[in-house]
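Scroll down for the structure; my scribbles are underneath it.
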């Protein structure tokens, strides 16, 4: 996926996961899809993953972890993350199966 397509997809994914529409993802909004897709065993693992990918979160308690759209895109576009997982393809497939088709323009 090219950089602009990836960014567009991540924006759409963020909006889809932002259940309350407040413009920030809390840990549960990120962890639930990860666990459902078997990308993580539990919420604590996702918290650890987020802290390792974003040093600003390292001192926050689980219930204090929030991620803005800008941070979300920066975290998930990182080479060290995307090179280990075909995360975007897995998420896209899952969202399409749930009927929440995300279009890349």
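Quick notes
- Residues of segment 10-23 that are surrounded by 15 or more Cβ atoms within 10 Å (Cβ to Cβ) and within 19 Å of residue 50 (Cβ to Cβ): 10, 13, 14, 16, 17, 18.
- Within segment 10-26, the residues that satisfy the criterion of being touching a residue at least 24 places away in the same chain (Cβ under 8 Å), assigned to a helix (DSSP H, G or I) and over 14 Å from residue 75 (Cα atoms) are 12, 16.
- Breaking point among (1) surrounded by 15 or more Cβ atoms within 10 Å (Cβ to Cβ); (2) part of a loop (DSSP other than H, G, I, E, B); (3) modelled with pLDDT of 90 or more, for residue 40: (3)
- Of 85, 45, all but one fail to be at pLDDT below 90, assigned to a loop (DSSP other than H, G, I, E, B) and loosely packed, with under 15 Cβ neighbours inside 10 Å; the exception is 85.
- Here residue 90 fulfils each of the conditions (1) surrounded by 12 or more Cβ atoms within 10 Å (Cβ to Cβ); (2) in a helix (DSSP H, G or I); (3) at pLDDT 80 or above apart from (3).
The values are calculated or read from the model by the stated rules, or taken from the named source; none is laboratory data. If you're wondering where the values come from, they're calculated on a predicted model, not measured in any experiment. All Cβ positions, glycine included, derive from the backbone under ideal geometry; neighbour counts span all protein chains shown.
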